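See below for the structure under consideration.
The values are calculated or read from the model by the stated rules, or taken from the named source; none is laboratory data. Note that the coordinates shown come from a computational prediction; the quantities given were computed from them, not determined experimentally. Note: ideal-geometry Cβ built from the backbone for every residue, glycine included; neighbour counts use all protein chains shown.
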């Protein structure tokens with residue numbers, strides 16, 4: 001498999017994921033909407049130990065709606081978050097799809113937290129809509 005590559009807006013920070021994504025979705029939770037100033041966010045998930053990051057990185061943490069904490073890893077220059085560590089998951093990181101250099105790796109399987117979505121957004125792509133967080137296999141949970 002070829003590696004999945006991405007970068008921040010200014011190009012100072014880049015990453016390579018050397019394993020296939022294990023999950024991809026759209027999130028409509030309040031935290032994602034407010035953090036990104038958008039009606040939803042999109043991401044892929046991969047294995048932490050297959051991620052290589054190059055460049056100078058900053059980190060901040062916040063509580064999530066699922067009762068966990070998220071560690072956001074971002075560029076020290078432009079502030080682009082290039083991955084998040086969901087602390088309730090074992091060896092799994094989330095990568096915002098907008099940072100991917102090749103969009104083909106974003107293959108969403110569902111919409112999450114639709115109970116929190118903005119009222120004016122109509123979802124018409126035919127993907128399943130989950131009212132809350134994804135259902136991960138027990139082995140994924142910390």
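Filtering the range 102-116 to residues that are over 29 Å from residue 18 (Cα atoms) and either out of contact with any strand residue (DSSP E or B) (no Cβ under 8 Å at 6 or more places or on another chain) or without any contact (Cβ under 8 Å) to a residue 12 or more places away in the chain (or both) leaves 115, 116. For the range 19-36, a residue qualifies if it is exposed (fewer than 15 other Cβ atoms within 10 Å of the Cβ) and touching a helix residue (DSSP H, G or I) at 6+ places or on another chain (Cβ under 6 Å), and the qualifying residues are 19, 30. In the range 84-101, the residues that are within 13 Å of residue 36 (Cβ to Cβ) form Cβ pairs under 8 Å with partners that are at pLDDT 90 or above and assigned to a loop (DSSP other than H, G, I, E, B), at six or more places apart or across chains, as follows: 97/106; 99/8; 99/80.
Condition test on residue 39, is it assigned to a loop (DSSP other than H, G, I, E, B) and crowded, with 17+ Cβ neighbours inside 10 Å? Spell out the reasoning first.
On the way: assigned to a loop (DSSP other than H, G, I, E, B): yes; crowded, with 17+ Cβ neighbours inside 10 Å: no.
Criteria not met by residue 39.
In the range 62-70, the condition of being surrounded by 18 or more Cβ atoms within 10 Å (Cβ to Cβ) and within 14 Å of the chain's Cα centre (by Cα) is met by at least one residue. Is it the case that some residue within the range 69-78 is in a strand (DSSP E or B), in contact with a helix residue (DSSP H, G or I) (Cβ under 7 Å, 6 or more places away or on another chain) and within 18 Å of residue 5 (Cα to Cα)? So far as the range 69-78 goes, no, none of its residues is in a strand (DSSP E or B), in contact with a helix residue (DSSP H, G or I) (Cβ under 7 Å, 6 or more places away or on another chain) and within 18 Å of residue 5 (Cα to Cα). The lone criterion from (1) crowded, with 22+ Cβ neighbours inside 10 Å; (2) closer than 14 Å to residue 86 by Cα left unmet by residue 47 is number (1).
Within the range 124-140, being part of a loop (DSSP other than H, G, I, E, B), surrounded by fewer than 16 Cβ atoms within 10 Å (Cβ to Cβ) and without any contact (Cβ under 8 Å) to a residue 40 or more places away in the chain holds for 124, 125, 126, 128, 131, 135, 137. Assess whether residue 114 counts as being buried (at least 18 other Cβ atoms within 10 Å of the Cβ), over 14 Å from residue 8 (Cβ atoms) and more than 14 Å from the chain's Cα centre (by Cα). Criteria met by residue 114.
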